[in-house]
Amino acid sequence: MTFTKGMATLATAGLMAVSVAASAETVLNVATAGSQNMVDYVKTYLAPKFEASHPDVKIRVFGTGPGDAGSHKIMEKLQAQKKSGSDIWDIDVAVVHQKIGGEMVQKELLANYRSDIKTGQLVTRDTAKNALGTNVDGYVMPMFHSQTAIAYNSDLVKNPPKSYDELVQWTEKHPKAFGYNGIKNGMSGVSFVTGWIYAYGSDAKTLSSSDYDANLKNSWAPALSKLKQFNENVTFTPGNAGTLDMLNRGEIFMGPVWVDMFYSWKDQGKIPPSLKLSLIAPGMPGQPMYYVTPAKAAQSELAREFIELATSPSVQAEGIVKRFNWYPGIDADHVKPELDSASWNKLFAEIGPKDLATKGKSFPIGPYFNDIKESYEREVSN
């Protein structure tokens with residue numbers, strides 16, 4: 001996933017040194033987890049837009065690093081301020097990963113604000129309500145959705161599999177032509193394995209939104225045995241980029257990828273136009289990044305206005321879809337009028353909004369996610 005790469009993490013001490021109002025200007029402090037492109041997006045795209053309509057406001061942006069660790073730093077900062085009894089916290093808007101967003105709601109660190117912004121009603125995906133089993137309805141606004149899918153060479157695969165069942169049959173007829181990176185070398189492979197469990201073990205709704213049942217993993221033995229047999233017909237790739245590299249070189253004809261990474265490579269000419277995408281049934285997981293505002297933000301009203309701008313159809317079209325090839329955080333049908341046909345078709349011609357609504361799944365809650373990885377290591381890798 002591109003938003004978890006190439007970021008030198010900000011020292012926690014630097015984040016704690018933030019001053020709410022260092023000058024006569026009103027300062028809106030925005031902290032974002034993710035890679036440098038996330039920080040640059042807020043600093044060079046969103047901030048100037050907001051400041052243009054709010055001439056007395058200055059946006060101050062801080063990056064906290066890639067992955068859940070970057071989001072965790074933001075949570076730790078807010079926990080410390082809550083514990084200190086401070087009436088005003090010095091982060092106004094934060095961009096965090098799905099898992100940590102849920103934890104922040106559980107720890108009562110966030111304001112319930114989505115019903116207060118006009119764009120709140122434009123969200124339709126369940127990730128705005130459920131963050132890996134935690135009810136986050138009202139507390140989060142999706143910035144974008146990342147998604148995994150199956151990339152395939154359309155010159156060589158005329159009728160790509162439409163389901164995991166069809167994929168199994170295809171690999172039996174074309175051994176070693178499908179490749180993925182297992183569960184240790186990148187999240188596209190982890191996503192593929194998770195989708196496998198959704199298909200043959202426990203369904204996505206159970207694993208993503210139900211209370212944890214430690215015994216449920218014991219029912220996955222047939223699914224894991226089937227996966228071990230499936231792996232005998234596949235090629236293992238060295239990572240997310242490695243899967244795309246091998247597809248580009250023709251060493252494999254098919255494999256799971258992150259959609260945004262796929263289209264970014266396509267834009268750069270690093271993979272051929274013949275490579276296309278399919279989201280197979282019953283589905284594969286992805287995840288959103290969330291805009292949140294802390295419970296005691298100094299500039300809570302401005303924070304809401306900032307998030308409303310950032311999730312408006314025009315900004316979602318230009319900033320999220322066209323710049324990054326991410327799926328929008330709001331319903332795609334609200335974004336479509338803001339996009340030229342070429343930009344819309346590039347992202348949605350192969351995997352449309354209906355596909356995303358029915359086959360775009362969440363990752364499991366933490367305990368089930370750990371069970372999947374541990375079961376794979378124990379039952380499939382050995």
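The values are calculated or read from the model by the stated rules, or taken from the named source; none is laboratory data. Since the structure is predicted, the reported quantities are computational estimates derived from the model, not experimental observations. Positions of Cβ are backbone-derived with ideal geometry, glycine not excepted, and every protein chain shown enters the neighbour counts. When the accessible area is computed, the model is the full protein with side chains, heavy atoms only, and any ligands, DNA or RNA have been set aside. Shrake-Rupley method; radii C 1.70, N 1.55, O 1.52, S 1.80 Å.
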So for the stretch 300-382, using the alpha carbon gyration tensor with a ≥ b ≥ c as root eigenvalues (a/c under 1.5 gives rounded; past that, a/b versus b/c decides prolate or oblate), I'd call it oblate
Phi-derived 3J(HN,Hα) across the stretch 228-244 with the Karplus relation (6.51, -1.76, 1.60, θ = phi - 60°), rounded Hz, x for Gly and Pro, is 4, 5, 4, 5, 5, 9, 10, 10, 8, 9, x, x, 4, 5, x, 5, 5
Working note, the chain: Cα radius of gyration (Å, one decimal) and Dmax (Å, whole number) are 21.0, 70
Calc'd 3J(HN,Hα), the stretch 316-330, phi into Karplus 6.51 cos²θ - 1.76 cosθ + 1.60 (θ = phi - 60°), Hz, glycine/Pro = x, comes to 4, 5, 6, x, 8, 6, 6, 7, 10, 6, 8, 6, x, x, 8
Here the gain from full extension of Ser341 to Ala69, 0.36 nm per residue of separation minus their alpha-carbon distance, amounts to 94.2 nm
Restricted to pairs 8 or more residues apart or on different chains, the lysines in the stretch 109-208 with C-alpha atoms under 24 Å apart form a number of pairs equal to 8
Ratio for the stretch 168-259, C-alpha Rg to 2.2 N^0.38 Å, reads 1.16
The lysines whose Cα lies under 17 Å from the Cα of Lys77, excluding any fewer than 8 residues away in the same chain, are Lys99, Lys107, Lys296
Volume per residue (Å³) of the convex hull spanned by the alpha carbons of the stretch 201-341 is 183 Å³
Contour minus Cα-Cα span, Asp155 to Gln79, at 0.36 nm per residue, comes to 22.0 nm
Scoring the chain by relative contact order with C-alpha pairs under 8 Å, at least six apart, yields a percentage of 23 percent
Checking rank on 248-254, 60-66, with mean other Cβ inside 10 Å and highest first, the result is 60-66, 248-254
Stokes-Einstein D for the stretch 109-213 (25 °C, 0.890 mPa s, Kirkwood Rh from Cα pairs), in µm²/s, comes to 146 µm²/s
Residues whose modelled amide H sits under 5 Å from the amide H of Lys58, counting only those 5 or more places away in sequence or on another chain, are Thr26, Val27, Leu28
Row for the stretch 250-306, column shape: gyration tensor on C-alpha, a ≥ b ≥ c, rounded if a/c < 1.5 i.e. under 1.5, prolate if a/b over b/c, else oblate; value prolate
So the carbon and sulfur contribution to the accessible area of the stretch 246-306, 1.4 Å probe, in percent, is 47 percent
By the mean-Cβ-within-10 Å protection proxy, highest first, 312-320, 97-105, 167-175 rank as 97-105, 312-320, 167-175
Ranked output for segments 342-353, 130-141, 213-224, 287-298 by mean other Cβ atoms within 10 Å, highest leading, reads 287-298, 130-141, 342-353, 213-224
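Just the accessible area per residue of the chain, please: how many Å² with a 1.4 Å probe?
Averaged over the residues of the chain, the accessible area is 40 Å².
So, R0 is 30 Å and r is the distance between the beta-carbons of Glu374 and Tyr45; what FRET efficiency does that work out to, to 0.05?
0.15
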In whole Hz, the Karplus estimates of ³J(HN,Hα) for the stretch 257-262 (6.51, -1.76, 1.60; θ = phi - 60°; x where Gly or Pro) are 9, 7, 4, 5, 5, 4
Interchain or sequence-distant (5+) residues whose placed amide H lies within less than 5 Å of the amide H of Leu275 are Ser154
